[in-house]
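Enquirer: Provided herewith is a single structure, encoded as structure tokens, for subsequent inquiry.
The values are calculated or read from the model by the stated rules, or taken from the named source; none is laboratory data. Here the structure is a predicted model, which means the values were calculated and not measured. Here Cβ is always computed from backbone atoms with ideal geometry, including for glycine, and neighbour counts include all displayed protein chains. Accessible surface is based on the protein model in full, side chains and every heavy atom, while ligands, DNA and RNA are left aside. Shrake-Rupley method; radii C 1.70, N 1.55, O 1.52, S 1.80 Å.
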Amino acid sequence: MLGSIRDLAPIIAVIVFFQLVIIQQPLPNVLELLVGVLFVLLGLTFFIHGLEQGLFPIGETMAHAFAKKGSVFWLLVFAFALGFGTTVAEPALIAVAAEAAEVAASGNMIAADEAAKASYANGLRFTVALSVGLAIVLGVFRILKGWPIQYLIIGGYVLVVILTLFAPVEIIGIAYDSGGVTTSTITVPLVTALGVGLASSIKGRNPMIDGFGLIALASLTPMMFVMVYGMVML
Amino acid sequence: MNLLTILTDLAQTMFSTVTDVIPIAVIIFGFQFAVIRQPVPNIGKVLTGFVWVVVGLTFFLVGLERALFPLGKLMAQQLTDPVFIAGGEALNAVKQAITLSWQDYGWVYLFAFLIGFSTTIAEPSLIAVAIKANQVSGGAIGIWGLRISVALGVAIGISLGCYRIVVGDPIHWYIIAGYVVVVIQTLFAPKLIIPLAYDSGGVTTSTVTVPLVAALGLGLAETVPGRSPLIDGFGLIAFASLFPMMSVMAYAQLSQWYAQRKRPEAAQS
């Protein structure tokens, strides 16, 4: 609880400072604001508690179990299912996909009716989910093989730059943003625990060097896939 | 505000959080039972943990929705309002075109910096990764050191992103230049930090940061003359994902440099 108060203090300070000193208007609905802040505090406290009791342990025990079982195939299937399944349901992605459909419609890339927009948005969502699923598979494979992450990431950047040259201008901003919105608050701890758990249960892997990096891949592949989607759908 | 609306809010958010968690739970327990075929150790504790996560996220989201987001959006609108930016004396001239240069948006950049920093400090995903990194590194990577350097990266990224919206430069030049810097830093940064630095780009932008930052970007793109919210309003999140990679590597480079500088001195004395 004390920790959560410390976590939130900067936001409160920034808002109060700007509202009172720069904008110079009284805070609207002070009571509502206080209740909201209290909820955020409680929520953060409970979440962190649940993280340490539930998400971290299950992620790690599963990683250990897969490593002991030694079935690469099932591990990769699990990795894909986790990436795809959690991304398809991600609310932030649903919101971004809807906005992207608006952009595409206003740029005359697709028809402006609701059906065309909905199918464009759904296509985008599945494209991003597929790319995140593949990214986690690739990331897990990397942990098994012990490849250095920087080659994958830099190679990915080069591809992103090349694709940028050919992608429609309207899609570029959204494509870049979709890399950032894919990994949700529940997925991040799970995927991190999975990576670190795998790296620590395989001989010769360092959890620090090999365990991290899954999120980075999951943020990179959607950029490429969304740009390709933008080009194909043009 | 009354109790009833708060309770309905909580119930609705709880429902949507549960629907978010269900696919994850199905995948995890499905694989656990069908493929791993072993009982989960401490299943009771893990399930209680899931319940805490759902309850925690519910309260967190309802609180954000009721208090911080409306306020953040209101402030973004007020700060990007040409009347506020041009100052009181321009009030009468609002109807005529106000010509503003990028320097006039000083408060916007400062607000972007501070809101980026403070929301990142409160970001639950980043807290999770920082806890894990601290455990794995045996304490060598401090939870606060990581969180502050990521938050600084987001802060710089978002204020630069706002500057880009104001001047209207194409986003890809910034992102590509950022990539070049990241690649160069990768060559010199301590090996242990590289995967973590890459990851910290992806974790910064979730529950808290995305809605506030998106509101700021769209607000700016709507009010700055000649900008289209649809084209220029996006891209802030990409900036917020790119800069933490640089700042985390810079943090590791600085602490390594500091440690190296100290060592010879200690040997001499």
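Enquirer: Only one of (1) in a helix (DSSP H, G or I); (2) at the interface with chain A (Cβ under 7 Å from one of its Cβ atoms); (3) over 26 Å from residue B:115 (Cβ atoms) fails for residue B:41. Which number is that?
Expert: (1)
Enquirer: So how many residues does region A:103-132 have that are modelled with pLDDT of 80 or more, closer than 28 Å to residue A:217 by Cα and of a type outside the set (Gly, Ala, Ser)?
Expert: 9
Enquirer: Here is a further query. Which of the residues that make up region A:161-186 are at the interface with chain B (Cβ under 7 Å from one of its Cβ atoms), touching a Ser or Thr at 6+ places or on another chain (Cβ under 9 Å) and assigned to a helix (DSSP H, G or I)?
Expert: A:170, A:172, A:176, A:177, A:179, A:180, A:181
Enquirer: Being open to solvent by less than 60 Å² (accessible area, probe 1.4 Å) and modelled with pLDDT of 85 or more is true for just one of B:40, B:83, B:54. Which residue is that? Please lay out each step first, then the result.
Expert: On the way: B:40 fails: modelled with pLDDT of 85 or more; B:83 fails: modelled with pLDDT of 85 or more.
Result: B:54 is the single residue among B:40, B:83, B:54 that is open to solvent by less than 60 Å² (accessible area, probe 1.4 Å) and modelled with pLDDT of 85 or more.
Enquirer: Say whether the condition of being surrounded by fewer than 21 Cβ atoms within 10 Å (Cβ to Cβ), over 13 Å from the mean Cα position of the chain (by Cα) and either over 27 Å from residue B:187 (Cα atoms) or not hydroxyl-bearing (Ser, Thr, Tyr) (or both) is met by at least one residue in region A:184-202.
Expert: Yes.
Here's the yes/no breakdown for (1) under 26 Å from residue A:156 (Cβ atoms); (2) not in a helix (DSSP H, G or I):
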position: B:109; (1), (2): no, no
position: B:113; (1), (2): no, no
position: B:129; (1), (2): yes, no
position: B:141; (1), (2): yes, yes
position: B:145; (1), (2): no, no
position: B:150; (1), (2): yes, no
position: B:158; (1), (2): yes, no
position: B:164; (1), (2): yes, no
position: B:176; (1), (2): yes, no
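Enquirer: What are the pairs, 6+ residues apart or on separate chains, where a residue within region A:68-83 that is under 27 Å from residue A:185 (Cα atoms) has its Cβ under 8 Å from a residue that is of a type in the set (Ser, Thr, Tyr)?
Expert: A:82/A:187
Enquirer: Residue by residue through region B:207-223, note down the ones that are outside any helix (DSSP H, G or I) and open to solvent by 10 Å² or more (accessible area, probe 1.4 Å).
Expert: We begin by selecting, within region B:207-223, every residue outside any helix (DSSP H, G or I); these are B:207-208.
Across region B:207-223, the qualifying residue is only B:207.
Enquirer: Quick one: residue A:26 ticks every box in (1) modelled with pLDDT of 90 or more; (2) over 24 Å from residue B:53 (Cα atoms) bar one, so which box is it?
Expert: Condition (1) is where residue A:26 drops out.
Enquirer: Moving to a separate point now. If a residue has to be at the interface with chain B (Cβ under 9 Å from one of its Cβ atoms) and either outside any helix (DSSP H, G or I) or crowded, with 22+ Cβ neighbours inside 10 Å (or both) to count, how many in region A:86-99 make the cut? First the steps, then the outcome.
Expert: First, the residues of region A:86-99 that are at the interface with chain B (Cβ under 9 Å from one of its Cβ atoms): A:86, A:88-92, A:95-96, A:99.
After this cut, where a residue has to be either outside any helix (DSSP H, G or I) or crowded, with 22+ Cβ neighbours inside 10 Å (or both) as well, the list is A:86, A:89-90, A:92, A:96.
Number of matching residues: 5.
Enquirer: Can you confirm whether region A:109-119 contains a residue that is surrounded by 21 or more Cβ atoms within 10 Å (Cβ to Cβ) and closer than 29 Å to residue B:174 by Cα? Give the derivation first.
Expert: In the first step, residues of region A:109-119 are kept if they are surrounded by 21 or more Cβ atoms within 10 Å (Cβ to Cβ); the result is none.
Scanning region A:109-119 turns up no residue that is surrounded by 21 or more Cβ atoms within 10 Å (Cβ to Cβ) and closer than 29 Å to residue B:174 by Cα.
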